[in-house]
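Accompanying notes for the structure given below.
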C-alpha cells in the first residue's frame, strides 16, 4: 500500500509529497516495483526488511535517492515499511546542499554520504517515534530547518521547468531559451546544479513519461504508432530508442507489462511508480 501526504504550506513549493509504503510483496508483479525517473530527488528511510534494487542488495537504512536517468527496479520483501520525502524536480538543492550533478546517476546514496545532513541520526529519531503523525512532524521540522539555511533556486528555474512540463518535453530548448532573460549556457548550468540533468535530458524523461502514461491509459486499444506521434516523435526508431533507454522496455514490451498489471483497462496517472 502506497500512501501520500501533503507537506505544510511553506514546503509545498519544494516537496511533492511525503509517502509511506507498507505491506507484502505483490504476487502479480513478483514483488518488483518500477521506479521511473522524473528528474526529482528524495530521501528514503527503511524500517522493514532489506531492499534489493536493480538486482543488488541495498545496504543501510536511509538514503538520498539521487536523480535517475533510467527506471530502477525495486524488489520488495515480505516486511515492507518505507517512509520517503519526494522533492519537486529541481527543488531538492536547498535540502541536500550539494550540486545535483555530483549526486546524479540513479544510485541511492547511503545516509552517511553527506555527513552534514545527519540522516542516520534523523533515521533513528524516526524509528523511535511509534506513530506516523509523529514521524511526519519530525520530517517537517527537519526540512524547514534545512530550508531556512539552504540556497534556493532562482525563480527562472521553476519557470523553465514548468514550460518543459507543460509541453511534455516536446518543445525545443531553443524555444525555451527565447522565453528566458538569459542564454542557453546559463540554463545548462542551472539545470546541472539544481537537477543533475541537462535541459535536453530532462525533456527526454518527460517525453518518455508522457508516452508511458498514454500506453497505460490506452490499455489493450493502445496504438504505439499513435502514441509515438502524440509524444512528439516522428520517427519510430527514435521513439523506441528513447523509451528503451529510459525504461528498459521497448514500447511493445511495456504495453504487455501494462496489460498484465492493469488488465487492459484505462488507468489514472499515479505518481512516478509502475
Seminar exercise, completed: So the FRET efficiency between residue 79 and residue 186, C-beta based with R0 = 51 Å and rounded to 0.05, is 0.60
Exercise. Between 255, 136, 180, which gets the highest mean-square fluctuation from a Gaussian network model of the chain, Cα cutoff 10 Å?
Worked result: 180
Exercise. Is segment 154-193 best put as rounded, prolate or oblate by its Cα gyration tensor, with a ≥ b ≥ c the root eigenvalues, rounded for a/c under 1.5, and otherwise prolate when a/b is larger than b/c, oblate when not?
Worked result: prolate
Exercise. Which residue fluctuates the most in the chain, going by a Gaussian network model with Cα springs under 10 Å, if the choices are 183, 84, 92?
Worked result: 183
Problem set entry | Within segment 105-119, backbone nitrogen closer than 18 Å to the virtual label 7 Å beyond the Cα of residue 56 toward Cβ | 105-114
Problem set entry | Over segment 209-262, relative contact order from alpha-carbon pairs under 8 Å, at least 6 apart, % | 38 percent
For this session: Using only the Cα atoms of the chain, construct the convex hull and provide its projected area averaged over every direction, in square nanometres to one decimal.
Result: 14.3 nm²
For this session: Starting with the fewest neighbours, write out 129, 195, 91 ranked by other beta-carbon atoms found within 10 Å of each beta-carbon.
Result: 129, 91, 195
Seminar exercise, completed: Note on the chain: contact order normalised by length, alpha-carbon pairs under 8 Å, 6 or more apart, percent, works out to 19 percent
For this session: Could you work out how far apart the two model spin labels at residue 132 and residue 1 are, taking each label as a point 7 Å from the Cα in the direction of the beta carbon, and quote it in nm?
Result: 0.7 nm
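Tell me, 194, 149, 123, 36 in order of fewest to most beta-carbon neighbours within 10 Å? Let's see the in-between values first.
Values: 194 25, 149 9, 123 21, 36 18.
Ranked by crowding around the Cβ, least crowded first: 149, 36, 123, 194.
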Exercise. Under 17 Å from a point 7 Å along the Cα-to-Cβ line of residue 22: which residues of segment 134-165 have their amide N that close?
Worked result: 134-139
Problem set entry | Extended-chain gain in nm, criterion 0.36 nm per residue less alpha-carbon gap, residue 236 and residue 102 | 44.9 nm
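How do 262, 14, 202 rank when sorted from fewest to most other Cβ atoms within 10 Å of their own Cβ? Let's see the in-between values first.
Working: 262 15, 14 22, 202 25.
Ascending number of Cβ neighbours within 10 Å: 262, 14, 202.
Rounded, prolate or oblate: which one fits segment 209-262, using the alpha carbon gyration tensor with axes a ≥ b ≥ c (rounded when a/c is under 1.5, else prolate when a/b beats b/c, else oblate)? Write down the numbers at each step before the final one.
Numbers: a/c = 1.99, a/b = 1.32, b/c = 1.51.
Oblate, because a/c is 1.5 or more while a/b does not exceed b/c.
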Exercise. Hey, how many Å between the Cα centroid of segment 47-117 and the Cα centroid of segment 174-232?
Worked result: 23 Å
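We did not get these values from a lab; they are worked out from the coordinates using the rules stated. Please read all numbers here as calculations on a predicted model, not as lab measurements. So basically every Cβ, Gly included, is an ideal-geometry build from the backbone, and we count neighbours across all protein chains shown.
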